[in-house]
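The values are calculated or read from the model by the stated rules, or taken from the named source; none is laboratory data. Since we're looking at a predicted model, the values are computed, not measured. Because the Cβ atoms are built from the backbone with ideal geometry, glycine has one as well, and the counts that use them run over all protein chains shown. The accessibility values were calculated without ligands, DNA or RNA, using every heavy atom of the protein model including side chains. Shrake-Rupley method; radii C 1.70, N 1.55, O 1.52, S 1.80 Å.
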Amino acid sequence: VQLVESGGGLVQAGGSLRLSCAASRSLVVMGWYRQAPGKQREFVARILSGGTTNYAASVKGRFTASRDNAKNTIDLQMNSLKPDDTAVYYCYGDIGVGSNTWGQGTQVTVSS
């Protein structure tokens, strides 16, 4: 299974960005992690094929995950961005047996 991400970039604090991820086949669970310099990769959000979403406390209310099952894509709308949101964002998909597949990562930089 391949995941291809798009979006990301540089934005000022308070601004918005949208990330997209396309999977080569249908996956029940897809979502996003992020990794800031010098920090461990952390969970951001996930969305199930039925539409159920979960978010990290740090992004809840600011980020919104959505998906198009017909196209095997998910999006992450990020609003009210903060400098602490600066990280490489990775799309992931649960391929079963406790394993995930990962996208290549996309840089999000929020300037103060």
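Dipole magnitude of the chain about its Cα centre, charges +1 at Lys/Arg Cβ and -1 at Asp/Glu Cβ only, in debye to the nearest 20? Show your work: numbers first, answer last.
Values: 11 positive and 7 negative charges, 18 e Å.
Its charge dipole is roughly 80 debye.
For region 16-112, carbon and sulfur atoms together expose 47% of the accessible surface, with a 1.4 angstrom probe and every protein chain in place. In a fully extended conformation the segment linking S112 and Q77 would gain 10.6 nm over its present Cα-Cα distance, using 0.36 nm per residue.
When the Gaussian network model of the chain links Cα atoms closer than 10 Å, the mean-square fluctuations of V97, V59, V44 top out at V97. The residues of the chain expose on average 52 square angstrom of accessible surface per residue, using a 1.4 Å probe on protein heavy atoms.
Give the relative contact order (percent, whole number) for the chain; include only Cα pairs under 8 Å separated by 6+ residues.
37 percent
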